[in-house]
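Peer 1: Just dropping this structure here.
The values are calculated or read from the model by the stated rules, or taken from the named source; none is laboratory data. Not measured: the values here are computed from a predicted model. Glycine gets a Cβ as well: all are built from the backbone with ideal geometry, and neighbour counts include every protein chain shown. The accessibility values were calculated without ligands, DNA or RNA, using every heavy atom of the protein model including side chains. Shrake-Rupley method; radii C 1.70, N 1.55, O 1.52, S 1.80 Å.
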Amino acid sequence: MKTMLQEKIETLQRAGLYRRMKYFESPQAARARLGGREVLMLSSNSYLGLCSDDRLKQAAHDAITRYGTGAGGSRLISGSFDLHQKLEKEIAAFKKTEAALIFNTGYMANVGVLSAIADKGWTLFSDRLNHASLIDGCRLSGAKVVVYNHCDPVDLERKIQSHRSGPGLIVTDSLFSVDGDLAPLPALVDIARRYRLLLMVDEAHATGVLGQSGGGAAEYFGIETGIDISMGTFSKALASEGGFVAGSLPLVDYLANAARSFIFSTALSPATIAVSRAALAVVRTEPERRRTLAAHSAWLRQSLRGAGFAVEDHPTPIISLVLGEPSLAVDFSEALLTDNIFVSAIRPPTVPAGTSRLRINLMATHSREDLEYALERITDVGKVLGVINSTEASDE
Ligand SMILES: *Cc1c(COP(=O)(O)O)cnc(C)c1O
């Protein structure tokens, strides 16, 4: 077995797809410590910059003082605390739904929901670039899975017409972490209504980031009531851990009794729940963080385009610089690291072959000077590596 695994590892290494972990020595903030030096963090999902927020840290301290550390049991046995119930009510209010249910991770929420709702009599229509947890949930359900072209309602409708039989559900990320683009939610709501399909939306990257009150992309588009199953995480902008599902009371009631990833896992600790509640309060009371993030995104996208990079326009804090081969993405990332900028290279299997890239994740706590420095260094490295023309950008 050892040699078999060693061969698999070497195959990954030869293809430039072998990945190594990097170990940080500080909170996940706009400036982080890595290998004993300070780097400008441009690859964090902590979009609102809350991982080192004093109020969240205090909430964890207070919860540990009052409730101790571990939850001690699964939610249906002995691991549900009043904190869990309060957070679920707050999520329902935040998402304007009847009810909500906390899962231990977003991954577990997606796997649990899809496998509890659908079975082999169902048809699941899934966006080609959906997150792995949605793909795994579709597979685990045993339902027929029909993959439609990325963000393409016309292809979706065609496939519904030719594959539909029995109950069905459309499932999509709202903010895709690969390209930083948004699903065409208004069109999906319309299609779901016309064909009497359920619509499930994964708001992992949009929660706390998009919409007037941070509710996500559905709020951004003003179509919240068209979503049957709204899923999100506490692990990204909310700087905590856990996933959630918001929807009708029967949906939540059923999932609590049927979703295996909910039932057969120890509840999240009181401290984690307390941090999520404190983060939600910040999302409610500090909309300026979302405005700063949106302004950062618009400025950096425009500036990168001015420097000659092909960057798409999306109202999101994820900016994708598609480079092509994995080695180019890795070289680019390593060159930036020598300038103390941390931007990770995203490679297959996370993205399709030939579309390896740098992915920039902005934070509300970045300063304009941080972004100016990043722009200057990215432009220089882009010229050295031949990604952009070295004359084109000279007037930038
Ligand atoms: C991160 C992510 C998840 C998983 O959430 P975790 O809480 O990290 O397990 C699910 N879906 C999408 C789209 C994600 O980006």
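Peer 1: Name every residue in the stretch 109-121 that is within 16 Å of Ile229 (Cα to Cα) and either of a type in the set (Gly, Ala, Ser) or open to solvent by 40 Å² or more (accessible area, probe 1.4 Å) (or both), in order of residue number.
Peer 2: Listed by number, the residues that qualify are Ala109, Gly112, Ser115, Ala116, Ala118.
Peer 1: Can you spot a residue in the stretch 357-370 that is among the polar types (S, T, N, Q), modelled with pLDDT under 95 and surrounded by fewer than 19 Cβ atoms within 10 Å (Cβ to Cβ)?
Peer 2: no
Peer 1: Now for a different question. Are there any pairs with C-beta distances below 7 angstrom linking a residue in the stretch 46-65 that is of a type in the set (Val, Ile, Thr) and open to solvent by 50 Å² or more (accessible area, probe 1.4 Å) to a residue that is at pLDDT below 95 and not in a helix (DSSP H, G or I), with the two at least 6 apart or on different chains, and if so which?
Peer 2: Pairs that qualify, where the first residue is of a type in the set (Val, Ile, Thr) and open to solvent by 50 Å² or more (accessible area, probe 1.4 Å) and the partner is at pLDDT below 95 and not in a helix (DSSP H, G or I): there are none.
Peer 1: Here is a follow-up. Suppose we keep only residues that are more than 12 Å from the chain's Cα centre (by Cα) and either crowded, with 24+ Cβ neighbours inside 10 Å or outside the structural domain of Phe94 (by TED's automatic domain parsing) (or both) within the stretch 202-216. Which one would you say is farthest from Phe125 (Cα to Cα)?
Peer 2: Gly214
Peer 1: Within the stretch 347-356, take every residue that is outside any strand (DSSP E or B) and on the phi < 0 side of the Ramachandran plot and give me the one that is surrounded by the fewest Cβ atoms within 10 Å (Cβ to Cβ).
Peer 2: Out of the qualifying residues, it is Pro349.
Peer 1: Mind checking which pairs have a first residue in the stretch 104-123 that is closer than 16 Å to Pro250 by Cα and a second that is small (Gly, Ala, Ser) and assigned to a helix (DSSP H, G or I), Cβ under 7 Å, 6 or more apart or different chains?
Peer 2: Correct list of pairs: Gly112/Ser261; Val113/Gly137; Leu114/Gly137; Leu114/Ser141; Ala116/Ala258; Ala118/Ser141.
Peer 1: Tell me which of these Ala239 doesn't satisfy, since it passes every other one: (1) assigned to a loop (DSSP other than H, G, I, E, B); (2) surrounded by fewer than 21 Cβ atoms within 10 Å (Cβ to Cβ).
Peer 2: (2)
Peer 1: Kindly indicate whether any position in the stretch 7-26 is within 22 Å of Arg357 (Cβ to Cβ), within 16 Å of the ligand (Cβ to nearest atom) and not aliphatic (A, V, I, L, M).
Peer 2: No, the conditions are met nowhere in the stretch 7-26.
Peer 1: Please find, among Ala267, Ala237, the residue that is closer than 14 Å to Ile102 by Cα and within 16 Å of the ligand (Cβ to nearest atom).
Peer 2: The unique qualifying residue is Ala267.
Peer 1: Being open to solvent by 10 Å² or more (accessible area, probe 1.4 Å), β-branched (Val, Ile, Thr) and in contact (Cβ under 8 Å) with a residue 60 or more places away in the chain: is that true of Val245 here?
Peer 2: Taking the combined requirement at face value, the residue does not satisfy it.
Peer 1: Quick one: which helices (runs of 4 or more DSSP H) sit completely within the stretch 116-233 and have at least 2 residues that are small (Gly, Ala, Ser), more than 14 Å from the ligand (Cβ to nearest atom) and in contact with a helix residue (DSSP H, G or I) (Cβ under 8 Å, 6 or more places away or on another chain)?
Peer 2: Of the helices (runs of 4 or more DSSP H) lying wholly inside the stretch 116-233, those with at least 2 residues that are small (Gly, Ala, Ser), more than 14 Å from the ligand (Cβ to nearest atom) and in contact with a helix residue (DSSP H, G or I) (Cβ under 8 Å, 6 or more places away or on another chain) span 185-194.
Peer 1: For a quick check of your reading: which helices (runs of 4 or more DSSP H) sit entirely within the stretch 266-346 and have at least 2 residues that are aliphatic (A, V, I, L, M) and in the same structural domain as Cys151 (by TED's automatic domain parsing)?
Peer 2: Hits in the stretch 266-346: 270-285.
Peer 1: Could you list, ordered by first residue, the pairs with Cβ atoms under 9 Å in which the first is in the stretch 333-354 and closer than 17 Å to Gln13 by Cβ and the second is among the acidic types (Asp, Glu), at least 6 apart or interchain?
Peer 2: Filtered contacts from the stretch 333-354: Ala345/Asp331; Ala345/Glu334.
Peer 1: What are the residues in the stretch 78-103 that are open to solvent by 40 Å² or more (accessible area, probe 1.4 Å), in a loop (DSSP other than H, G, I, E, B) and touching a residue at least 24 places away in the same chain (Cβ under 8 Å), if any?
Peer 2: Within the stretch 78-103, Ser80, Phe81, Lys96, Thr97, Glu98 meet the criteria.
Peer 1: As an exercise: evaluate Leu129 against (1) at pLDDT 95 or above; (2) on the phi < 0 side of the Ramachandran plot; (3) under 25 Å from the mean Cα position of the chain (by Cα); (4) open to solvent by 20 Å² or more (accessible area, probe 1.4 Å) and give the number of the one condition it does not meet.
Peer 2: Failed condition: (1).
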